[in-house]
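Asks: Pasting a structure here, questions to come.
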Amino acid sequence: MTDQSDTTDQSKVALAFSGGLDTTVCVPLLEEEYDYDEVIGVTVDVGQPAEEFDEAEETAEALGLDHYVVDAKDAFADQCLDAVKANATYQGYPLGTALARPVIAEAILEVAEDEGCTGIAHGCTGKGNDQLRFEAVWRDSDLAVIAPVRELGLTREWEMEYAAEKDLPVEGGNEGDWSIDTNLWSRSVEGDDLEDPGYVPPEDIYEWTETPGQKEIETIEITFEEGKPVAIDGEEMPSVQLIEYLNDLAGSHGVGRTDMMEDRMLGLKVRENYEHPAATTLLNAHEALEGLVLTEEERAFKKQVDQQWAEKAYEGLISAPLVDALDGFVDTTQKKVTGTVTVKFEGGQARPVGRESDYAVYSESAASFNTESVDGIAQSDATGVAKYHGFQSRLANKVAADAEAKKAELLTDGSGESEE
Ligand code: ARG
């Protein structure tokens, strides 16, 4: 098992560390199975709840692990708000885990390089997306990439036994039955009973969202500048704070629950549950503002650009040259996405109910029923357009009907002749 690792003098490996079962068992395994002299654990803050850092800290201490915590919340929030510009969702999921992985991978790589590590490791299994997202970043470095859980074919059961045998500090109780991944942009709940697509989730899987419809209806105003949300009800907020504020508020209205079948990169179809109140609110508001300021052609083309953007984000390939090129289009369109959207929280929805912008491609006099002519174009000028509209379809239908009739006529004529 030493072929994957570089074992030159006092070799050190940096491990993406959460303090959960997978990453905890990785610590002794990296020493025993991969011959590293030292393991350092790195936990990257992308907005997980405080308890997760406590758990990581405590576990690291109990393991005698050198533990680094890197704050990447601002970088991650920027990434999330870039995703809003591209209206990014994958099969309905706003990509919280997916967007976080490259940010986490970069942060760990930086620590690994600073600390003179020769290896870099994660505790992902060989079934999920995260292994691919991490390694897409890490394989761009000279470090040996190690995935003990995948490479040694570990199961959760084996890990529990191993942990007990080695007396490793695993609580196992923190997560309860579910496998949970939380960051600023979304909370994902999967595993156990939820794996069955037919199993109806109990209300207690939700932590960020209240049962919809219990709170009084409320409206807020979100201000965007060049596609980026900058203020709520006129109050400017830094990105992290704005997202946290909306997670609380929209979550209290039960906004942003997704229960879906997700097609993973390796082809597995899995059942996923997500909570993402801020993401839903911002994505809905942003799209509503685009509807006001972009031309019909821009909107139609942007749908395709957005789709491609979201797919690369899902794959963890946000650094792909394609994404750079897509961003060129996105950023050009976003120059006009400045204005304010009113959003109503009602029945578990964040529904845009008003929008305003100096860039509105909207002329009241042109659209109004009360004006006869605009820019020298009179209502009656539409007559010519109306005459032509659908011309080709009408012609095609008529030609086809005539041809059918002709064919039928030939057939009856033919049979008549042969009788004589
Ligand atoms: N399926 C999602 C993704 O690949 C999220 C998985 C989160 N992990 C978890 N243990 N809940 O982006």
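Asks: Cα gyration tensor of segment 261-420, axes a ≥ b ≥ c as square roots of the eigenvalues: rounded (a/c below 1.5), prolate (a/b > b/c) or oblate?
Replies: Judged from the Cα gyration tensor, segment 261-420 comes out oblate (a/c at least 1.5, b/c at or above a/b).
Asks: Just to be sure I understand: with springs between alpha-carbon atoms less than 10 Å apart, which residue in 333, 155, 59 has the highest mean-square fluctuation in the Gaussian network model of the chain?
Replies: Sorting by GNM fluctuation, first place goes to 155.
Asks: So what is the relative contact order of segment 299-394, in percent, for Cα pairs below 8 Å that sit 6 or more residues apart?
Replies: Once normalised by length, the contact order is 14 percent.
Asks: When only alpha-carbon atoms count, how far does the chain stretch along each of its three principal axes, as whole angstroms with the largest first?
Replies: 95, 74, 43
Asks: Rounded, prolate or oblate for segment 282-373? Axes are the square roots of the Cα gyration tensor eigenvalues, ordered a ≥ b ≥ c, and the cut-off for rounded is a/c under 1.5.
Replies: Oblate shape, in that a/c is at least 1.5 and b/c is the bigger or equal ratio.
Asks: For the chain, what does the relative contact order come out to in percent, with C-alpha contacts under 8 Å and a separation of six or more?
Replies: Value for the chain: 16 percent.
Asks: For segment 284-340, run through the trypsin sites (Lys or Arg not before Pro) and keep only the ones in DSSP coil with at most 15 other Cβ atoms within 10 Å of their Cβ.
Replies: Here the trypsin sites (Lys or Arg not before Pro) that fit, given the DSSP loop and packing criteria, are 335.
Asks: Which ordering of 111, 170 is given by a fewest-first count of other beta-carbon atoms within 10 Å?
Replies: Lowest to highest Cβ neighbour count: 111, 170.
Asks: Stretched out fully, how many nm does the piece from residue 158 to residue 71 gain, at 0.36 nm a residue minus the Cα gap?
Replies: 28.1 nm
Asks: No solvent, one uniform scatterer per C-alpha: report log10 I(q)/I(0) for segment 222-339 via the Debye equation at q = 0.12, 0.21 1/Å, two decimals.
Replies: -0.54, -1.31
Asks: For the chain, what proportion of DSSP beta bridges, expressed in % and rounded to the nearest 5, is antiparallel?
Replies: About 70 percent, rounded to the nearest 5.
Asks: Straight-line reach from residue 398: which lysines have Cα under 19 Å away, leaving out those fewer than 8 places along the same chain?
Replies: Reachable lysines: 387, 406, 407.
Asks: Of the listed pairs 228/312; 269/312; 85/215, which have alpha-carbon separations greater than 25 Å here?
Replies: Too far apart for the 25 Å limit: 85/215.
Asks: What distance in nm separates the simple spin-label points at residue 304 and residue 405, each placed 7 Å from Cα in the Cβ direction?
Replies: Between residue 304 and residue 405, the simple spin-label model gives 4.0 nm.
Asks: Oh, and also: Can you tell me how segment 44-161 classifies by the Cα gyration tensor, rounded, prolate or oblate, using a/c under 1.5 as the rounded cut?
Replies: rounded
Asks: Return the single residue from 245, 388, 362 with maximal mean-square fluctuation; model: Gaussian network over the chain, springs between Cα atoms under 10 Å.
Replies: It is 388.
Asks: Among 76, 391, 53, which one shows the biggest mean-square fluctuation in a GNM of the chain, springs joining Cα atoms closer than 10 Å?
Replies: 391
Asks: Most exposed first by the Cβ proxy, i.e. fewest other Cβ within 10 Å, how do 209, 89, 342 rank?
Replies: The most exposed by this proxy come first: 342, 89, 209.
Asks: Return the loop-located GluC sites (Glu not before Pro) in segment 329-379 (DSSP other than H, G, I, E, B) with at most 15 other Cβ atoms within 10 Å of their own Cβ; answer none if there are none.
Replies: Within segment 329-379, the qualifying GluC sites (Glu not before Pro) (loop, at most 15 other Cβ atoms within 10 Å) are 372.
Asks: How high is the FRET efficiency between residue 204 and residue 248 when r is their beta carbon distance and R₀ equals 25 Å, given to the nearest 0.05?
Replies: Once the sixth-power term is evaluated, E becomes 0.85.
Asks: Moving on. Per residue of the chain, what 222 nm ellipticity follows from adding -39500 (n - 2.57) for every DSSP H run with n ≥ 4, rounded to the nearest 500?
Replies: -14000 deg cm²/dmol
Asks: Starting from segment 79-173, pick out the GluC sites (Glu not before Pro) whose DSSP state is loop and whose Cβ has at most 14 other Cβ atoms within 10 Å.
Replies: 171
Asks: Another question about this same structure. Where the centroid of each part is defined by its Cα atoms, how far is segment 330-377 from segment 199-247 in Å?
Replies: 22 Å
Any read-out appearing in this document is the output of simple, stated calculations on the displayed coordinates, not a laboratory observation. Every value quoted in this text rests on a predicted model; they were computed, and no experiment measured them. All Cβ positions, even for glycine, are placed from backbone atoms using ideal geometry, and neighbour counts span all protein chains on display.
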